[in-house]
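**Q** Just passing along the structure, written as structure tokens.
The values are calculated or read from the model by the stated rules, or taken from the named source; none is laboratory data. Computed from a predicted model, the values in this text were never measured in an experiment. The accessibility values were calculated without ligands, DNA or RNA, using every heavy atom of the protein model including side chains. Shrake-Rupley method; radii C 1.70, N 1.55, O 1.52, S 1.80 Å.
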Amino acid sequence: ERSEEKNLVADRVSTVRTMDTLRWLVTLLDDKDVAQEACRSIVDLAHHRDLRNPNRDEFVKALRRVIEVSQDASTVTRAKGYIEGV
């Protein structure tokens, strides 16, 4: 329930490489206390082509949200790269 706990979970959950994880992280983008960690984790999930490529449309939508929400230039750059297919 606390922000610290949510951030810890948002950070660690990217190791669970499933679409359910992505969908859960997207819901956190509206929570200002954990949105930045959720952005990083979404981009970390997108790194895995075996998950990203078959679910490209859903990842593109999530990564576009990351670009809107993230305050970290590196995270935004990575998100744009995954959208472009790099």
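**Q** In the chain, carbon and sulfur make up what percent of the accessible area (probe 1.4 Å)?
**A** Working: 2500 of 5260 Å².
Summing carbon and sulfur atoms, their accessible area is 48 percent of the total for the chain.
**Q** How large is ³J(HN,Hα), in whole Hz, for each residue of the stretch 54-68 in order, when computed from phi with the Karplus curve 6.51 cos²θ - 1.76 cosθ + 1.60 and θ = phi - 60°, using x for Gly and Pro?
**A** For the stretch 54-68, the Karplus curve yields x, 10, 3, 4, 5, 5, 4, 4, 5, 5, 5, 5, 4, 4, 6 Hz.
**Q** Right, next: Quick one: 3J(HN,Hα) in Hz for the stretch 8-16, Karplus 6.51/-1.76/1.60 with θ = phi - 60°, rounded, Gly and Pro as x.
**A** Each residue of the stretch 8-16 in turn: 4, 5, 4, 6, 6, 5, 5, 7, 9 Hz.
**Q** Under a 1.4 Å probe, what is the accessible area of the chain per residue, stated in Å²?
**A** Numbers: 5260 Å² over 86 residues.
Here the residues of the chain average 61 Å² of exposed surface.
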